[in-house]
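Participant: Pasting a structure here, questions to come.
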Amino acid sequence: MTTPRPETVAKLTPVLTKRWLSPDAWRIGTYEQLDGYAALRKALKAHPDDLIQLIKDSGLRGRGGAGFPTGLKWGFIPQGDGKPHYLVVNADEGEPGTCKDLPLMTHDPHALVEGVIIASYAIRASRAYIYIRGEAVHAARRLRNAVQEAYDKGYLGRNILRSGYDLELVVHSGAGAYICGEETALLDSLEGFRGQPRLRPPFPATHGLYASPTVVNNVGTIASVPPIVLGGADWWKSMGTEKSSGPMIYSLSGRIVNPGQYECSMGVTLRELLELAGGMQPGHNLRFWTPGGSSTPLLAAEHLDVPLDFEGVAAAGSILGTTATQIFSDQDCPVYATYRWLEFYHHESCGKCTPCREGNYWMVRVYRRILAGQGTHEDLDTLLDTCDNILGRSFCGLGDGATSSVTSSLKYFKQDYLDYIEGRTAPKLSEKTLVGAH
Ligand SMILES: Cc1cc2nc3c(=O)[nH]c(=O)nc-3n(C[C@H](O)[C@H](O)[C@H](O)COP(=O)(O)O)c2cc1C
Ligand code: SF4
(Lines give C-alpha, C1' and ligand atoms only; values in the text may rest on other atoms or scores of the structure.)
(Ligands and ions follow the chains in the order given, each with its own letter.)
Protein backbone atom coordinates (compact mmCIF):
# COMPACT_ATOMS: atom_id res chain seq x y z
CA MET A 1 0.00 0.00 0.00
CA THR A 2 1.33 3.43 -0.95
CA THR A 3 1.21 6.26 1.56
CA PRO A 4 0.05 9.46 -0.13
CA ARG A 5 2.49 12.34 -0.11
CA PRO A 6 1.31 15.52 1.70
CA GLU A 7 0.94 17.37 -1.61
CA THR A 8 -1.37 14.63 -2.86
CA VAL A 9 -3.40 14.61 0.35
CA ALA A 10 -3.82 18.35 -0.14
CA LYS A 11 -5.75 17.54 -3.31
CA LEU A 12 -8.62 16.27 -1.17
CA THR A 13 -11.21 19.04 -0.92
CA PRO A 14 -14.10 17.85 1.24
CA VAL A 15 -17.02 20.16 0.51
CA LEU A 16 -19.95 17.89 -0.33
CA THR A 17 -18.43 15.07 1.72
CA LYS A 18 -17.33 17.16 4.69
CA ARG A 19 -20.12 16.00 7.02
CA TRP A 20 -20.25 12.37 5.96
CA LEU A 21 -18.18 11.06 8.87
CA SER A 22 -19.85 13.17 11.57
CA PRO A 23 -21.99 11.10 13.95
CA ASP A 24 -25.67 11.22 12.97
CA ALA A 25 -24.86 13.57 10.09
CA TRP A 26 -28.23 12.78 8.55
CA ARG A 27 -30.18 14.35 11.41
CA ILE A 28 -31.27 17.94 11.15
CA GLY A 29 -29.70 18.89 14.51
CA THR A 30 -26.24 17.82 13.37
CA TYR A 31 -26.73 19.46 10.01
CA GLU A 32 -27.73 22.75 11.57
CA GLN A 33 -24.68 22.69 13.85
CA LEU A 34 -22.44 22.25 10.80
CA ASP A 35 -23.58 25.30 8.72
CA GLY A 36 -26.86 23.62 7.77
CA TYR A 37 -29.64 25.87 6.44
CA ALA A 38 -27.45 28.98 6.83
CA ALA A 39 -27.25 29.20 3.03
CA LEU A 40 -31.05 29.03 2.79
CA ARG A 41 -31.45 31.95 5.20
CA LYS A 42 -28.99 33.93 3.09
CA ALA A 43 -30.59 32.91 -0.21
CA LEU A 44 -34.13 33.85 0.82
CA LYS A 45 -32.94 37.42 1.35
CA ALA A 46 -31.57 37.59 -2.20
CA HIS A 47 -33.48 38.16 -5.42
CA PRO A 48 -33.98 34.87 -7.35
CA ASP A 49 -32.27 36.34 -10.43
CA ASP A 50 -29.20 37.14 -8.33
CA LEU A 51 -29.02 33.52 -7.24
CA ILE A 52 -29.15 32.37 -10.87
CA GLN A 53 -26.35 34.84 -11.64
CA LEU A 54 -24.32 33.53 -8.69
CA ILE A 55 -24.56 29.98 -9.99
CA LYS A 56 -23.60 31.20 -13.47
CA ASP A 57 -20.60 33.08 -12.02
CA SER A 58 -19.47 30.02 -10.08
CA GLY A 59 -19.13 28.06 -13.30
CA LEU A 60 -20.93 25.08 -11.70
CA ARG A 61 -21.50 22.35 -14.29
CA GLY A 62 -23.94 19.46 -13.96
CA ARG A 63 -22.66 16.44 -12.04
CA GLY A 64 -25.03 14.02 -13.84
CA GLY A 65 -22.66 13.23 -16.70
CA ALA A 66 -22.92 15.85 -19.42
CA GLY A 67 -21.43 18.80 -17.53
CA PHE A 68 -24.01 21.31 -18.74
CA PRO A 69 -23.62 24.77 -17.08
CA THR A 70 -26.16 24.84 -14.25
CA GLY A 71 -26.79 28.59 -14.09
CA LEU A 72 -27.45 28.67 -17.81
CA LYS A 73 -29.98 25.84 -17.43
CA TRP A 74 -31.80 27.69 -14.65
CA GLY A 75 -31.80 30.84 -16.77
CA PHE A 76 -33.70 29.02 -19.55
CA ILE A 77 -36.83 28.80 -17.37
CA PRO A 78 -39.20 31.44 -18.74
CA GLN A 79 -40.32 33.87 -16.05
CA GLY A 80 -43.70 35.53 -15.79
CA ASP A 81 -45.24 32.88 -18.03
CA GLY A 82 -48.05 32.08 -15.60
CA LYS A 83 -47.24 28.35 -15.66
CA PRO A 84 -46.13 26.27 -12.69
CA HIS A 85 -42.38 25.64 -12.62
CA TYR A 86 -40.79 22.44 -11.34
CA LEU A 87 -37.43 21.34 -10.04
CA VAL A 88 -36.79 17.64 -10.49
CA VAL A 89 -33.71 16.10 -8.90
CA ASN A 90 -32.29 13.15 -10.75
CA ALA A 91 -31.34 10.66 -8.03
CA ASP A 92 -31.54 7.60 -10.24
CA GLU A 93 -27.77 6.94 -10.20
CA GLY A 94 -27.75 3.93 -12.50
CA GLU A 95 -24.49 4.32 -14.40
CA PRO A 96 -22.34 1.23 -13.68
CA GLY A 97 -19.53 2.14 -11.29
CA THR A 98 -21.19 5.35 -10.11
CA CYS A 99 -21.56 5.71 -6.39
CA LYS A 100 -21.65 9.35 -5.30
CA ASP A 101 -25.32 10.36 -5.10
CA LEU A 102 -26.54 7.47 -2.96
CA PRO A 103 -23.84 7.96 -0.28
CA LEU A 104 -24.57 11.68 -0.29
CA MET A 105 -28.29 11.12 0.29
CA THR A 106 -27.57 8.46 2.92
CA HIS A 107 -25.01 10.42 4.93
CA ASP A 108 -26.02 14.03 4.34
CA PRO A 109 -29.59 14.17 2.99
CA HIS A 110 -30.19 17.70 4.28
CA ALA A 111 -27.48 19.01 1.95
CA LEU A 112 -29.71 17.95 -0.93
CA VAL A 113 -32.92 19.18 0.70
CA GLU A 114 -31.39 22.61 1.35
CA GLY A 115 -30.09 22.77 -2.23
CA VAL A 116 -33.55 21.88 -3.53
CA ILE A 117 -35.17 24.73 -1.61
CA ILE A 118 -32.64 27.31 -2.82
CA ALA A 119 -32.74 26.10 -6.44
CA SER A 120 -36.55 26.03 -6.44
CA TYR A 121 -36.67 29.55 -5.04
CA ALA A 122 -34.27 30.72 -7.77
CA ILE A 123 -36.35 29.28 -10.63
CA ARG A 124 -39.64 30.23 -8.94
CA ALA A 125 -40.89 26.67 -8.47
CA SER A 126 -43.38 25.91 -5.74
CA ARG A 127 -43.17 22.14 -6.15
CA ALA A 128 -40.06 19.97 -6.38
CA TYR A 129 -39.47 16.25 -6.78
CA ILE A 130 -36.57 13.99 -5.98
CA TYR A 131 -36.74 10.93 -8.22
CA ILE A 132 -34.73 8.21 -6.48
CA ARG A 133 -34.14 4.74 -7.83
CA GLY A 134 -36.39 2.10 -6.33
CA GLU A 135 -33.64 -0.21 -5.07
CA ALA A 136 -32.10 2.56 -2.95
CA VAL A 137 -34.37 1.84 -0.01
CA HIS A 138 -32.01 2.98 2.74
CA ALA A 139 -31.11 6.27 1.04
CA ALA A 140 -34.80 6.94 0.30
CA ARG A 141 -35.69 6.31 3.95
CA ARG A 142 -33.04 8.78 5.12
CA LEU A 143 -34.18 11.30 2.53
CA ARG A 144 -37.85 11.04 3.47
CA ASN A 145 -36.92 11.45 7.11
CA ALA A 146 -34.87 14.56 6.26
CA VAL A 147 -37.75 16.03 4.25
CA GLN A 148 -40.11 15.49 7.20
CA GLU A 149 -37.60 17.09 9.58
CA ALA A 150 -37.32 20.08 7.23
CA TYR A 151 -41.12 20.46 7.13
CA ASP A 152 -41.28 20.26 10.93
CA LYS A 153 -38.69 23.03 11.26
CA GLY A 154 -40.38 25.34 8.76
CA TYR A 155 -37.77 24.96 6.00
CA LEU A 156 -40.42 23.44 3.71
CA GLY A 157 -44.12 24.06 3.28
CA ARG A 158 -45.87 27.42 3.44
CA ASN A 159 -44.13 30.72 4.15
CA ILE A 160 -40.66 29.23 4.60
CA LEU A 161 -38.79 31.04 7.38
CA ARG A 162 -41.44 33.77 7.10
CA SER A 163 -40.15 34.76 3.68
CA GLY A 164 -43.51 34.39 1.94
CA TYR A 165 -42.06 31.61 -0.22
CA ASP A 166 -43.91 28.24 -0.38
CA LEU A 167 -42.44 24.91 -1.50
CA GLU A 168 -43.69 21.34 -1.42
CA LEU A 169 -41.06 18.61 -1.85
CA VAL A 170 -41.97 15.05 -2.85
CA VAL A 171 -39.57 12.09 -2.77
CA HIS A 172 -40.60 9.62 -5.48
CA SER A 173 -39.12 6.13 -5.76
CA GLY A 174 -38.83 4.78 -9.30
CA ALA A 175 -39.10 1.12 -10.16
CA GLY A 176 -35.40 0.73 -10.97
CA ALA A 177 -34.49 1.17 -14.64
CA TYR A 178 -31.31 2.70 -16.01
CA ILE A 179 -33.22 4.51 -18.74
CA CYS A 180 -35.23 6.39 -16.10
CA GLY A 181 -32.03 8.33 -15.33
CA GLU A 182 -32.29 9.91 -18.78
CA GLU A 183 -34.04 13.15 -17.94
CA THR A 184 -37.03 12.93 -20.28
CA ALA A 185 -37.64 9.23 -19.53
CA LEU A 186 -37.50 10.22 -15.87
CA LEU A 187 -40.19 12.85 -16.43
CA ASP A 188 -42.43 10.31 -18.19
CA SER A 189 -41.89 7.85 -15.36
CA LEU A 190 -42.67 10.55 -12.78
CA GLU A 191 -45.90 11.31 -14.61
CA GLY A 192 -46.86 7.65 -14.30
CA PHE A 193 -46.01 6.49 -17.81
CA ARG A 194 -43.53 3.87 -18.92
CA GLY A 195 -40.06 5.44 -18.73
CA GLN A 196 -38.95 6.12 -22.29
CA PRO A 197 -37.13 9.18 -23.64
CA ARG A 198 -39.10 12.01 -25.21
CA LEU A 199 -38.35 13.66 -28.52
CA ARG A 200 -36.49 16.96 -28.08
CA PRO A 201 -37.19 19.78 -28.82
CA PRO A 202 -39.22 20.88 -26.98
CA PHE A 203 -36.79 20.75 -24.05
CA PRO A 204 -37.76 20.35 -20.40
CA ALA A 205 -36.93 24.04 -19.79
CA THR A 206 -40.19 24.92 -21.53
CA HIS A 207 -42.07 21.58 -21.75
CA GLY A 208 -40.94 19.37 -18.90
CA LEU A 209 -43.01 17.86 -16.12
CA TYR A 210 -46.72 18.13 -16.98
CA ALA A 211 -45.65 20.16 -20.05
CA SER A 212 -44.44 22.98 -17.80
CA PRO A 213 -41.02 24.62 -17.42
CA THR A 214 -38.77 22.23 -15.52
CA VAL A 215 -35.17 22.07 -14.40
CA VAL A 216 -33.74 18.56 -14.08
CA ASN A 217 -30.50 18.44 -12.11
CA ASN A 218 -28.35 15.74 -10.61
CA VAL A 219 -28.08 15.25 -6.82
CA GLY A 220 -24.45 16.44 -6.74
CA THR A 221 -25.32 19.55 -8.72
CA ILE A 222 -28.08 20.60 -6.35
CA ALA A 223 -26.08 19.69 -3.23
CA SER A 224 -23.33 22.05 -4.52
CA VAL A 225 -25.68 25.02 -4.35
CA PRO A 226 -25.66 25.72 -0.55
CA PRO A 227 -21.84 25.81 -0.31
CA ILE A 228 -21.71 28.17 -3.31
CA VAL A 229 -24.29 30.46 -1.70
CA LEU A 230 -22.29 30.49 1.54
CA GLY A 231 -18.77 30.58 0.08
CA GLY A 232 -19.36 32.65 -3.05
CA ALA A 233 -18.51 32.12 -6.70
CA ASP A 234 -14.83 33.05 -6.35
CA TRP A 235 -14.27 30.56 -3.55
CA TRP A 236 -15.91 27.83 -5.66
CA LYS A 237 -13.78 28.77 -8.64
CA SER A 238 -10.63 28.66 -6.51
CA MET A 239 -11.02 24.87 -6.75
CA GLY A 240 -10.82 22.94 -9.98
CA THR A 241 -9.70 24.22 -13.35
CA GLU A 242 -10.68 27.20 -15.47
CA LYS A 243 -13.65 25.58 -17.23
CA SER A 244 -14.36 22.84 -14.68
CA SER A 245 -14.72 24.63 -11.38
CA GLY A 246 -15.16 23.24 -7.91
CA PRO A 247 -14.67 19.90 -6.23
CA MET A 248 -15.97 16.60 -7.56
CA ILE A 249 -16.66 13.28 -5.90
CA TYR A 250 -14.63 10.59 -7.68
CA SER A 251 -15.93 7.07 -7.01
CA LEU A 252 -13.03 4.63 -7.12
CA SER A 253 -13.68 0.93 -7.48
CA GLY A 254 -11.90 -2.16 -8.73
CA ARG A 255 -8.37 -3.43 -8.14
CA ILE A 256 -7.31 -0.84 -5.60
CA VAL A 257 -6.53 -1.06 -1.90
CA ASN A 258 -9.17 1.38 -0.60
CA PRO A 259 -12.19 1.75 -2.88
CA GLY A 260 -14.54 4.61 -2.05
CA GLN A 261 -15.43 8.22 -2.66
CA TYR A 262 -12.64 10.77 -2.90
CA GLU A 263 -13.68 14.39 -3.23
CA CYS A 264 -10.97 16.37 -4.97
CA SER A 265 -10.63 19.54 -6.97
CA MET A 266 -11.48 18.86 -10.58
CA GLY A 267 -8.39 18.21 -12.61
CA VAL A 268 -6.89 15.69 -10.19
CA THR A 269 -5.21 12.80 -12.05
CA LEU A 270 -5.73 9.06 -11.71
CA ARG A 271 -2.13 8.80 -10.48
CA GLU A 272 -3.03 11.08 -7.57
CA LEU A 273 -6.34 9.34 -6.90
CA LEU A 274 -4.58 5.98 -6.82
CA GLU A 275 -2.10 7.35 -4.32
CA LEU A 276 -4.99 8.51 -2.12
CA ALA A 277 -6.65 5.11 -2.45
CA GLY A 278 -3.57 3.21 -1.28
CA GLY A 279 -2.47 2.16 -4.75
CA MET A 280 -3.24 -0.94 -6.78
CA GLN A 281 -3.88 -4.18 -4.91
CA PRO A 282 -0.70 -6.23 -4.38
CA GLY A 283 0.19 -8.18 -7.51
CA HIS A 284 -1.96 -6.04 -9.81
CA ASN A 285 -0.78 -3.51 -12.39
CA LEU A 286 -3.11 -0.94 -13.92
CA ARG A 287 -4.22 -1.93 -17.41
CA PHE A 288 -7.48 -0.11 -18.22
CA TRP A 289 -10.04 2.10 -16.51
CA THR A 290 -13.18 4.09 -17.05
CA PRO A 291 -12.95 7.80 -16.22
CA GLY A 292 -16.71 8.25 -15.83
CA GLY A 293 -18.63 4.99 -15.79
CA SER A 294 -19.13 2.31 -18.39
CA SER A 295 -20.66 4.72 -20.93
CA THR A 296 -17.33 6.52 -21.28
CA PRO A 297 -14.52 5.23 -23.52
CA LEU A 298 -11.88 3.21 -21.69
CA LEU A 299 -8.52 4.74 -20.97
CA ALA A 300 -5.26 2.84 -20.48
CA ALA A 301 -2.20 2.98 -18.22
CA GLU A 302 -0.67 5.66 -20.45
CA HIS A 303 -3.44 8.05 -19.31
CA LEU A 304 -2.45 8.12 -15.63
CA ASP A 305 -1.63 11.84 -15.77
CA VAL A 306 -4.68 13.06 -17.68
CA PRO A 307 -6.39 15.86 -15.69
CA LEU A 308 -9.79 14.52 -14.70
CA ASP A 309 -11.87 17.53 -15.65
CA PHE A 310 -14.32 17.91 -18.55
CA GLU A 311 -11.71 19.26 -20.98
CA GLY A 312 -8.77 17.06 -19.95
CA VAL A 313 -10.67 13.80 -20.34
CA ALA A 314 -12.21 14.92 -23.64
CA ALA A 315 -8.74 15.74 -24.98
CA ALA A 316 -7.67 12.19 -24.11
CA GLY A 317 -10.56 10.83 -26.20
CA SER A 318 -13.03 9.99 -23.45
CA ILE A 319 -15.69 11.66 -21.31
CA LEU A 320 -15.60 12.72 -17.64
CA GLY A 321 -19.18 11.41 -17.23
CA THR A 322 -20.05 10.67 -13.62
CA THR A 323 -16.39 10.38 -12.45
CA ALA A 324 -16.94 6.70 -11.74
CA THR A 325 -13.39 5.49 -11.97
CA GLN A 326 -13.42 1.71 -12.32
CA ILE A 327 -9.92 0.32 -12.23
CA PHE A 328 -8.87 -2.91 -13.92
CA SER A 329 -5.52 -4.67 -13.80
CA ASP A 330 -3.37 -6.92 -15.96
CA GLN A 331 -5.37 -9.82 -14.51
CA ASP A 332 -8.62 -8.52 -16.03
CA CYS A 333 -9.76 -9.05 -19.57
CA PRO A 334 -10.98 -5.98 -21.50
CA VAL A 335 -12.98 -8.19 -23.89
CA TYR A 336 -14.86 -9.86 -21.06
CA ALA A 337 -15.41 -6.58 -19.20
CA THR A 338 -16.85 -5.02 -22.35
CA TYR A 339 -19.10 -8.03 -22.86
CA ARG A 340 -20.48 -7.71 -19.31
CA TRP A 341 -21.23 -4.03 -19.85
CA LEU A 342 -22.94 -4.82 -23.14
CA GLU A 343 -25.15 -7.37 -21.41
CA PHE A 344 -26.18 -4.49 -19.16
CA TYR A 345 -26.97 -2.11 -22.05
CA HIS A 346 -28.82 -4.84 -23.91
CA HIS A 347 -30.89 -5.56 -20.83
CA GLU A 348 -31.56 -1.87 -20.08
CA SER A 349 -32.27 -0.73 -23.65
CA CYS A 350 -35.84 0.57 -23.56
CA GLY A 351 -36.49 -0.69 -27.08
CA LYS A 352 -37.84 2.56 -28.47
CA CYS A 353 -35.30 2.88 -31.29
CA THR A 354 -33.90 0.24 -33.62
CA PRO A 355 -30.14 0.99 -33.53
CA CYS A 356 -29.89 0.52 -29.77
CA ARG A 357 -32.50 -2.25 -29.39
CA GLU A 358 -31.16 -4.42 -32.23
CA GLY A 359 -27.54 -3.32 -32.18
CA ASN A 360 -26.95 -4.23 -28.56
CA TYR A 361 -28.79 -7.53 -29.03
CA TRP A 362 -26.46 -8.50 -31.87
CA MET A 363 -23.27 -7.22 -30.28
CA VAL A 364 -23.89 -9.35 -27.19
CA ARG A 365 -24.13 -12.34 -29.46
CA VAL A 366 -20.90 -11.52 -31.28
CA TYR A 367 -19.10 -11.14 -27.94
CA ARG A 368 -20.40 -14.47 -26.71
CA ARG A 369 -19.08 -16.06 -29.91
CA ILE A 370 -15.65 -14.49 -29.48
CA LEU A 371 -15.45 -15.38 -25.78
CA ALA A 372 -16.51 -18.96 -26.51
CA GLY A 373 -13.54 -19.31 -28.88
CA GLN A 374 -15.67 -19.29 -32.03
CA GLY A 375 -15.11 -15.73 -33.19
CA THR A 376 -13.78 -14.72 -36.58
CA HIS A 377 -11.72 -11.76 -37.77
CA GLU A 378 -14.84 -10.45 -39.53
CA ASP A 379 -16.56 -10.25 -36.15
CA LEU A 380 -14.33 -7.33 -35.25
CA ASP A 381 -15.44 -5.45 -38.37
CA THR A 382 -19.05 -6.34 -37.55
CA LEU A 383 -18.66 -4.85 -34.07
CA LEU A 384 -17.21 -1.60 -35.39
CA ASP A 385 -19.84 -1.40 -38.12
CA THR A 386 -22.63 -1.97 -35.58
CA CYS A 387 -21.21 0.73 -33.30
CA ASP A 388 -21.08 3.05 -36.29
CA ASN A 389 -24.79 2.46 -36.80
CA ILE A 390 -25.66 3.04 -33.14
CA LEU A 391 -23.47 6.03 -32.29
CA GLY A 392 -25.22 9.28 -33.23
CA ARG A 393 -28.19 7.36 -34.65
CA SER A 394 -29.86 6.38 -31.39
CA PHE A 395 -32.76 8.22 -29.87
CA CYS A 396 -30.96 8.86 -26.57
CA GLY A 397 -27.57 8.64 -24.92
CA LEU A 398 -27.96 5.04 -23.78
CA GLY A 399 -27.24 3.76 -27.27
CA ASP A 400 -24.23 6.03 -27.71
CA GLY A 401 -22.86 5.04 -24.30
CA ALA A 402 -23.13 1.34 -25.10
CA THR A 403 -20.62 1.70 -27.94
CA SER A 404 -17.95 3.41 -25.82
CA SER A 405 -16.24 0.39 -24.34
CA VAL A 406 -16.54 -1.58 -27.59
CA THR A 407 -14.73 0.94 -29.79
CA SER A 408 -12.19 1.95 -27.14
CA SER A 409 -11.31 -1.63 -26.17
CA LEU A 410 -10.81 -2.44 -29.86
CA LYS A 411 -8.62 0.65 -30.16
CA TYR A 412 -6.33 -0.16 -27.22
CA PHE A 413 -6.67 -3.93 -26.79
CA LYS A 414 -7.31 -5.43 -30.22
CA GLN A 415 -4.67 -8.08 -29.50
CA ASP A 416 -6.83 -9.44 -26.68
CA TYR A 417 -9.65 -10.00 -29.17
CA LEU A 418 -7.26 -11.64 -31.65
CA ASP A 419 -5.96 -13.93 -28.91
CA TYR A 420 -9.46 -15.37 -28.44
CA ILE A 421 -10.10 -15.58 -32.16
CA GLU A 422 -6.73 -17.20 -32.96
CA GLY A 423 -6.88 -19.63 -30.02
CA ARG A 424 -4.12 -18.21 -27.79
CA THR A 425 -6.54 -17.39 -24.95
CA ALA A 426 -8.72 -20.13 -23.53
CA PRO A 427 -12.46 -19.54 -24.04
CA LYS A 428 -14.17 -17.80 -21.11
CA LEU A 429 -17.70 -18.79 -22.04
CA SER A 430 -19.04 -22.24 -22.76
CA GLU A 431 -20.73 -23.08 -26.04
CA LYS A 432 -24.05 -23.28 -24.19
CA THR A 433 -24.13 -19.47 -24.18
CA LEU A 434 -24.21 -19.55 -27.97
CA VAL A 435 -27.75 -20.83 -28.34
CA GLY A 436 -29.28 -18.51 -30.91
CA ALA A 437 -25.98 -16.67 -31.32
CA HIS A 438 -25.42 -17.24 -35.05
C1 LIG B 1 -29.22 6.43 -20.22
C2 LIG B 1 -28.97 7.62 -19.37
C3 LIG B 1 -28.98 7.51 -17.98
C4 LIG B 1 -28.76 8.62 -17.18
N5 LIG B 1 -28.76 8.44 -15.83
C6 LIG B 1 -28.58 9.53 -15.02
C7 LIG B 1 -28.63 9.39 -13.61
O8 LIG B 1 -28.81 8.30 -13.07
N9 LIG B 1 -28.46 10.52 -12.85
C10 LIG B 1 -28.27 11.76 -13.43
O11 LIG B 1 -28.17 12.75 -12.72
N12 LIG B 1 -28.21 11.91 -14.76
C13 LIG B 1 -28.37 10.83 -15.57
N14 LIG B 1 -28.37 11.00 -16.93
C15 LIG B 1 -28.20 12.38 -17.46
C16 LIG B 1 -29.54 13.12 -17.45
O17 LIG B 1 -30.23 12.87 -18.66
C18 LIG B 1 -29.37 14.64 -17.31
O19 LIG B 1 -28.42 15.07 -18.24
C20 LIG B 1 -28.92 15.07 -15.92
O21 LIG B 1 -29.79 14.58 -14.93
C22 LIG B 1 -28.88 16.58 -15.86
O23 LIG B 1 -28.43 17.01 -14.60
P24 LIG B 1 -27.14 17.91 -14.45
O25 LIG B 1 -27.23 19.02 -15.44
O26 LIG B 1 -27.20 18.37 -13.04
O27 LIG B 1 -25.96 17.02 -14.72
C28 LIG B 1 -28.54 9.90 -17.77
C29 LIG B 1 -28.54 10.02 -19.16
C30 LIG B 1 -28.73 8.89 -19.95
C31 LIG B 1 -28.71 9.06 -21.44
S1 SF4 C 1 -31.12 4.59 -27.44
FE2 SF4 C 1 -31.84 2.71 -26.42
S3 SF4 C 1 -32.61 3.41 -24.48
FE4 SF4 C 1 -32.47 5.23 -25.80
S5 SF4 C 1 -34.47 5.39 -26.81
FE6 SF4 C 1 -33.22 4.13 -28.14
S7 SF4 C 1 -33.73 2.04 -27.47
FE8 SF4 C 1 -34.37 3.39 -25.84
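The values are calculated or read from the model by the stated rules, or taken from the named source; none is laboratory data. Everything quoted here is computed from the prediction, not taken from an experiment. Backbone-built Cβ (ideal geometry, glycine too); neighbour counts: all protein chains shown. With ligands, DNA and RNA removed, areas are computed over all heavy atoms of the protein, side chains included. Shrake-Rupley method; radii C 1.70, N 1.55, O 1.52, S 1.80 Å.
Participant: Which length gain, in nm to one decimal place, applies between residue 158 and residue 191 when the Cα-Cα distance is subtracted from 0.36 nm times their residue separation?
Facilitator: 9.5 nm
Participant: Kindly rank 33-41, 306-314 from highest to lowest mean number of other beta carbons found within 10 Å of each residue. Present the calculation step by step, with values, prior to reporting the outcome.
Facilitator: Working: 33-41: 17.2, 306-314: 21.0.
Highest to lowest by the protection proxy: 306-314, 33-41.
Participant: Among the DSSP beta bridges whose two residues both lie in the chain, what percent are antiparallel, rounded to the nearest 5?
Facilitator: Around 45 percent of the beta bridges assigned by DSSP in the chain are antiparallel ones.
Participant: Between residue 211 and residue 314, what is the spin-label point distance in nm, taking each point 7 Å from the Cα along the Cα→C-beta axis?
Facilitator: 3.5 nm
Participant: Hey, how many Å between the Cα centroid of the range 173-187 and the Cα centroid of the range 291-343?
Facilitator: Going from one Cα centre to the other spans 24 Å.
Participant: How are the Cα pair distances of the range 1-55 distributed, in percent, across 10 Å bins from 0?
Facilitator: 18, 30, 31, 17, 4, 0
Participant: Using a cut-off of under 14 Å, list every residue of the range 227-261 whose amide N is near the label point 7 Å from the Cα of residue 57 along the Cα-to-beta-carbon line.
Facilitator: 228-238
Participant: What does the range 245-336 give for Rg and for Dmax, in Å, if only its C-alpha atoms count?
Facilitator: In order Rg, Dmax, the Cα atoms of the range 245-336 give 11.9, 36 Å.
Participant: I would also like to ask the following. Explain nothing, just compute: Karplus ³J(HN,Hα) = 6.51 cos²θ - 1.76 cosθ + 1.60, θ = phi - 60°, for every residue of the range 338-343 in order, whole Hz, x for Gly and Pro.
Facilitator: With the stated coefficients, the range 338-343 comes to 5, 4, 5, 5, 5, 4 Hz.
Participant: Continuing with this model, one more query. Given H placed 1.01 Å from N in the peptide plane, which residues other than close sequence neighbours of residue 250 have an amide H under 5 Å from its amide H?
Facilitator: Those qualifying (amide H under 5 Å, at least 5 residues apart or on another chain) are 262, 263, 264.
Participant: I would also like to ask the following. Give me the extension gain from residue 50 to residue 389: residue separation times 0.36 nm, minus the current Cα-Cα distance, reported in nm with one decimal.
Facilitator: 117.5 nm
Participant: While we're on this one: Over the range 227-275, with every protein chain in place, what whole percent of the accessible area is carbon and sulfur at 1.4 Å, could you tell me? The partial results should precede the final answer.
Facilitator: Working: 820 of 1740 Å².
Ligands and nucleic acids excluded, carbon and sulfur give 47 percent.
Participant: Based on the mean of other Cβ atoms within 10 Å per residue, sort peptides 236-245, 288-297 so the most packed one is first.
Facilitator: By packing density, highest mean first, the sequence is 288-297, 236-245.
Participant: Which values of log₁₀ I(q)/I(0), to two decimal places, follow from the Debye formula for the chain at q = 0.06, 0.11 Å⁻¹ with a uniform point scatterer at every Cα?
Facilitator: Results for the chain at q = 0.06, 0.11 Å⁻¹ read -0.26, -0.86.
Participant: Please list, ordered by chain and number, the residues whose modelled amide H lies under 5 Å from the amide H of residue 173; skip anything fewer than 5 residues away on the same chain.
Facilitator: 132
Participant: Also, quick follow-up: Filter the GluC sites (Glu not before Pro) in the range 123-179 to those in DSSP coil with at most 16 other Cβ atoms within 10 Å of their Cβ, and list the result. Please list the in-between numbers first.
Facilitator: Details: sites: 135, 149, 168; in loops: 135.
For GluC sites (Glu not before Pro) across the range 123-179 that sit outside H, G, I, E and B with at most 16 neighbouring Cβ atoms in 10 Å, the list reads 135.
Participant: Here's another thing I want to ask about it. Whole number in Å², please: accessible area per residue of the chain, 1.4 Å probe, ligands, DNA and RNA not counted.
Facilitator: Working: 17700 Å² over 438 residues.
Result: 40 Å² of accessible area for each residue.
Participant: Return the distance in nm (one decimal) between the two label points of a simple spin-label model at residue 230 and residue 21, each offset 7 Å from Cα along Cα→Cβ.
Facilitator: 1.8 nm
Participant: Give the distance, in whole Å, between the Cα centre of the range 399-424 and the Cα centre of the range 206-229.
Facilitator: The range 399-424 and the range 206-229 have Cα centres spaced 38 Å from each other.
Participant: If you don't mind, there's one more thing I want to ask. May I ask you to derive the FRET efficiency for residue 258 and residue 330 from their Cβ-Cβ distance with R0 = 25 Å, giving the value to the nearest 0.05?
Facilitator: Values: r = 20 Å, r/R0 = 0.80.
So, using R0 = 25 Å, E works out to roughly 0.80.
Participant: Next question, about the same structure. Leaving out ligands, DNA and RNA, what percent of the accessible area of the range 136-223 is carbon and sulfur, probe 1.4 Å?
Facilitator: Roughly 52 percent of what the probe reaches on the range 136-223 is carbon or sulfur.
Participant: Further question: Under a plain spin-label model, where a point goes 7 Å from the Cα along Cα-to-Cβ, how far apart in nm are residue 170 and residue 281?
Facilitator: Taking the two extended label points, one gets 4.4 nm.
Participant: Next up: Tilt of helix 48-58 relative to the longest C-alpha principal axis of the chain, in degrees (0 to 90, nearest 10)?
Facilitator: 40 degrees
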